[in-house]
Amino acid sequence: MDTALVLFVISELIGYSFWVLFTRSKNSRGRDIVSFIMFILALVILVRVFQLNLDFGLVLSIATLLAGISWVIGHFIKIEDLRKESKSYFIILFVITCLRSFTYEPYQIPSRSMEPGLQIGDFVLVNKYAYGLKFPGTHYLLSDLTAPKRNEVAVFLPPHSLCDVNPQEARPDIINLSLQKSQSFLNRFMALQKQRCTELGIKYVKRILGVPGDLVEIKGYEVWINGTKLPHTIIGKDETGDLIEETLDKGTHIIKSQGISDYEEHKWKVPEGSYLAIGDNRDNSLDSRAWGYFSDKYLIGRAEYIWLHWGSFSEFPGFSRNGRIQ
């Protein structure tokens with residue numbers, strides 16, 4: 001747990017206690033000063049939450065619970081202002097938590113790994129019920145799992161971003177690899193995990209190429225699934241490489257090639273409960289080729305729509321890229 005965040009939260013709770021004390025003693029000046037300090041602390045806590053990349057759904061759930069407890073406290077100690085304000089906050093937070101946890105969650109694309117389809121600064125809507133409903137801020141399913149399909153763009157927690165996942169979970173079929181390949185994977189996975197893991201994981205967005213039972217082979221930029229080669233046509237270029245139209249299960253999408261992976265070869269037999277995820281920007285994507293499979297336990301949702309693009313703080317947000325994700 002982050003020490004600074006804990007201190008900020010404790011300070012906020014102390015401020016809450018003083019707010020109650022000043023309100024009961026009818027010290028309006030003291031209450032106003034404490035209210036201002038608590039507002040500043042709340043902003044600092046929010047900034048720290050984003051800096052630590054904490055699960056915002058979990059943060060909302062905790063805030064909703066605390067507002068509910070405050071509502072009850074206000075009722076029992078008979079402070080009408082506390083009861084009314086806490087009730088208002090509880091209702092607002094409860095509605096936001098439900099909408100965000102069970103319908104759609106906003107997500108900002110942080111890297112170039114899914115170019116050209118998804119670009120840095122794209123804000124996408126992630127369907128949270130596409131793969132089954134989960135209790136807010138947890139991986140506990142409230143409904144049956146709906147299995148992802150090939151070609152869907154999924155948001156999930158990859159295994160190397162979780163500190164308690166071992167390499168064998170990321171690659172259960174590692175015993176079938178040659179000694180050289182298995183050792184190479186272990187070294188790469190552990191190095192990535194040491195650099196990037198957190199207690200709650202880091203959200204990734206990639207395209208699902210392989211589902212349980214699939215035999216997937218990649219040779220350069222050509223892909224075979226269960227022995228069938230995916231249709232593959234160069235349709236143009238941009239400033240960094242070739243643009244290639246790829247067809248998977250009747251759905252088409254555009255991938256990018258910079259010529260770096262021409263001679264790479266990969267082969268997977270996707271195990272039960274796991275999925276193979278690859279970025280559309282094939283030469284600039286940290287994906288299953290590096291860290292193995294991701295588990296259905298760590299599915300978050302399906303990315304469906306681009307609703308806003310905001311490339312940087314120096315430019316205005318725009319809606320020119322709005323549309324359904326292919």
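Derivation of every value follows stated rules applied to the coordinates shown; laboratory data play no part. Keep in mind it's a predicted model, so treat the numbers as computed, not measured. As a convention, Cβ positions derive from the backbone with ideal geometry for all residues, glycine included, and neighbour counts pool all protein chains shown.
Key figures
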read-out: q = 0.28, 0.31 Å⁻¹: log10 I(q)/I(0) that the Debye formula gives for region 72-120, counting C-alpha atoms only; value: -0.91, -1.00
read-out: Within a Gaussian network of the chain (alpha carbon springs, distance under 10 Å), most fluctuating of Thr146, Thr198, Thr103; value: Thr146
read-out: Region 182-231 shape via C-alpha gyration tensor axes, a/c threshold 1.5; value: prolate
read-out: Degrees, to the nearest 10: 28-51 long Cα axis against longest axis of the chain; value: 10
read-out: Peptide ranges 216-226, 152-162 listed from the most packed, as the mean C-beta count within 10 angstrom indicates; value: 152-162, 216-226
read-out: Gaussian network model of the chain, springs between alpha carbon atoms under 10 Å - residue of Gln168, Gln195, Gln180 with greatest fluctuation; value: Gln180
read-out: Cα gyration tensor shape of the chain, rounded if a/c is under 1.5, else prolate or oblate by comparing a/b with b/c; value: prolate
read-out: Cα Rg, Dmax, region 245-326, angstrom units; value: 16.0, 46
read-out: Listed residues Ile79, Ile300, Ile278, most fluctuating in the chain (Gaussian network, C-alpha, under 10 Å); value: Ile79
read-out: Which of Gly132, Ser182, Gly227, positive extreme of dipole for the chain (C-beta unit charges); value: Gly132
read-out: Under Karplus coefficients 6.51, -1.76 and 1.60, residue-wise ³J(HN,Hα) of region 310-320 in Hz, glycine/proline x; value: 9, x, 6, 5, 7, 10, 7, x, x, 10, 5
read-out: Rounded if a/c under 1.5, otherwise prolate or oblate - region 16-113, Cα gyration tensor axes; value: oblate
read-out: Mean Cβ count within 10 Å, highest first, over the residues of peptides 281-288, 182-189; value: 281-288, 182-189
read-out: Between region 160-190 and region 293-316, the alpha-carbon center distance in angstrom; value: 27
read-out: Helix axis angle, 80-102 relative to the chain longest principal axis, alpha carbon, degrees; value: 10
read-out: Chain lengthening between Phe39 and Ile254 when straightened (0.36 nm per residue, less Cα-Cα); value: 72.8 nm
read-out: Inter-part distance where region 87-114 and region 120-153 are each reduced to a Cα centre, Å; value: 13
read-out: Kirkwood-based Rg to Rh ratio, region 216-282, C-alpha trace; value: 0.97
